[in-house]
Amino acid sequence: MSQNAFPGRLTPEDPDLSDRHRVVFAALVALHGLAARPVSSERIAHAERVGLSGASVRTALAELEEMGLLERAYASSARIPTSRGYEIYVRTLVEPAVLPGAILDAIDEQLAASAHDVERLLHDASRLLASITHQLGLALAASLDEETLSSLDIDPLSERRALIVLGLGGRSARTLVLELDTPLDRGALEQVASLLRERLLGHSLGEVRVRLERDPGLADDSAVRIVVRALSSSWNRPVETPLLHSGAMNMAGQPEFANGQRLGPVLQAVETGEPLNRLMVGGIQGQVGVRVGLDEARALAGCSLVSFPLPGAVRGAVGVLGPLRMDYAFTLAVVDRVGTRIADLLSA
């Protein structure tokens, strides 16, 4: 199963790359990214900023191949990165790009125009991501009502604000900021949380909504009523969309998918939504991440997904689907900016 990779976050299983490995590996990834062709040691040795002899390059390539980061293309000596290689590349060598002011302004202006309509906002986000990255832009909002509430905690932020953390089935969590109409201290909030856990844990979020409105056991305590009022105000009715997508022609223009037999299954997976909808919301809220080589579906094995799960009341995500050799630094920066702006707009 594919796992989220985050720039700068190494895992204990990641190989210890020397400076020479890093230089050669970065050069090969960059050269392969230009034309989707295998890269020879000669091309790397002549590339700018490598500064290594042909023999040193060949030795480094052999070692990187032994680590499982590269593979030979057909019977030639030229190599391409493996899916694992791209994962390591994202974690060890990628830093999100600094976006030009023109792109930042375009993102802010286009999203602000649809800020009051969640579905339109997500539609615009998918189109914006496709047009800027020249990949397939994705967005969705998924209902949480079928998720089971497994934990509940409330922490004070200030005298009249608190943060409630809802654990969902032991797999993920949602957070909401509560604006309290009457001040409550930490002790009162802990008592409220204890009562809510007693009455609500084990129920679906759809059932939790009903209980918050109708359970007489929650109406007897004044502190509970204060929190329930704030929660009802912050927790809007669920918004749900199918997997919204834009930029199919961008994928068709990629060398990897020039063959319709490869492109068709990818687009079919996008149309059905599975497993992309699940993978997009399955990361860390408010944090852009990369899933390389989506082995959850055979059609997507040659693709990477860069996604940003939205924090707050709307369970959703925005992202970009593209070939393994996509420009990760640029794509990460764009998806992060779009996701962050949408989160800001939805919480305003």
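The values are calculated or read from the model by the stated rules, or taken from the named source; none is laboratory data. Everything numeric in this text was worked out from a predicted model, so none of it was measured. Methodologically, a virtual Cβ is constructed for each residue, glycine included, from the backbone with ideal geometry; neighbour enumeration extends over all protein chains shown.
Among the residues in segment 68-80, are any over 22 Å from Pro323 (Cβ atoms), surrounded by 18 or more Cβ atoms within 10 Å (Cβ to Cβ) and more than 32 Å from the chain's Cα centre (by Cα)?
no
Can you tell me which residues in segment 123-179 are small (Gly, Ala, Ser) and modelled with pLDDT of 90 or more?
Ala125, Ser126, Ala130, Ser131, Gly137, Ala139, Ser150, Ser151, Ser158, Ala162 - these are the residues of segment 123-179 that are small (Gly, Ala, Ser) and modelled with pLDDT of 90 or more.
If you scan segment 182-218, which residues turn out to be under 14 Å from Ser232 (Cα atoms) and basic (Lys, Arg)?
Residues satisfying the conditions are Arg209, Arg211, Arg214.
Could you look through segment 207-225, keep only residues that are assigned to a helix (DSSP H, G or I) and under 15 Å from Ala188 (Cβ atoms), and pick out the one that is modelled with the lowest pLDDT?
Leu218
Yes or no: segment 220-231 includes at least one residue that is of a type in the set (A, V, I, L, M), out of contact with any helix residue (DSSP H, G or I) (no Cβ under 7 Å at 6 or more places or on another chain) and surrounded by 12 or more Cβ atoms within 10 Å (Cβ to Cβ).
Yes; the residues of segment 220-231 include at least one that is of a type in the set (A, V, I, L, M), out of contact with any helix residue (DSSP H, G or I) (no Cβ under 7 Å at 6 or more places or on another chain) and surrounded by 12 or more Cβ atoms within 10 Å (Cβ to Cβ).
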